[in-house]
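What follows is a single structure, written as structure tokens, with notes after it.
Read-outs throughout are calculated quantities, based only on the coordinates presented, and are distinct from any laboratory measurement. If you're wondering where the values come from, they're calculated on a predicted model, not measured in any experiment. Virtual Cβ from ideal backbone geometry, glycine too; neighbours counted across all protein chains shown.
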Amino acid sequence: MGKNSSFIKRLTDITISLFVIILMSPIILIAIIAIRIETSGSALFLQDRAGLGGKPFKIFKLRTMVKNAEKVGPLLTQSNDSRVTKVGKILRMTSLDEFPQFINILKGEMSLVGPRPEVLPIVETYNESQRQVLNYKPGLTGISQINGRGSLSVEEKLIMDIEYYKNETFCSDLLIVLKTPYTLISNEGNVM
């Protein structure tokens, strides 16, 4: 947490990620088993996303859709998307599908707090001003995650993220981390 490339932010990312991975591993194991019982294929979903400087990386998520969903529907999940499985609905509602991203954080590809990493075809449409968001390491949670989430347009998220991360501090990041559980529990702005 704090300035984009600070030692404190990286140390906080590693410490919290290790703690969460250890704490949540039994629940994630149950989720993996449930995914495999309901549908065939890998329980993990890997997708190319734009990281710091626009460099692509593979984001880790628990699979919430049918196998090969990207081949039978739109790139982004729609509201009431028929490709979302029964287990997937529960994982999305609780945001458990996002927990494997703590591995991305440990690898240094993401941070705990930052703009959400976007899929590459959408990043390719960014104008010069919007590309500023790529100056910041993407995060598991962030200002747009606690202020609208999936109910915001890509443009609204970008404006909010760019303005916030220009002036982020350890304390402002800490407030985002503290507000994130409420956002998850209330399920505000979540697209399922």
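If each residue's Cβ is checked for other Cβ atoms within 10 Å, how do SER153, SER42, SER111, SER17 rank with the fewest at the top?
Ranked by crowding around the Cβ, least crowded first: SER153, SER42, SER17, SER111.
Determine the alpha carbon to alpha carbon distance for each of LYS61/LYS86; LYS86/LYS157; LYS89/LYS179; LYS61/LYS179 and list only those over 19 Å.
Beyond 19 Å: LYS86/LYS157; LYS89/LYS179; LYS61/LYS179.
Of the candidates ARG63, ARG92, ARG131, which one comes out as most mobile in a Gaussian network treatment of the chain with C-alpha springs shorter than 10 Å?
ARG131
Where in the chain are the DSSP H helices whose alpha-carbon span along the long axis reaches 27 Å or more and whose Kyte-Doolittle mean is at least 0.0?
TM-like helix candidates: 7-38.
Would you mind getting me the FRET efficiency between THR169 and ILE122? Use the beta-carbon distance for r and R0 = 35 Å, nearest 0.05.
0.80
What percent antiparallel are the DSSP beta bridges of the chain, to the nearest 5?
Antiparallel bridges: around 80 percent, rounded to the nearest 5.
Would you mind checking which residues have amide H under 5 Å from SER111's amide H? H placed 1.01 Å from N; only 5 or more apart, or other chain.
GLY139, LEU140
Stokes-Einstein at 25 °C, 0.890 mPa s, Kirkwood radius from Cα pairs: D for the stretch 7-186 in µm² s⁻¹?
Rounded to a whole number, D works out at 145 µm²/s.
Sequence neighbours fewer than 8 away in the same chain don't count; with that in mind, list the aspartates and glutamates whose C-alpha is under 14 Å from LYS55.
Those aspartates and glutamates meeting the cut-off are GLU109, GLU118, GLU124.
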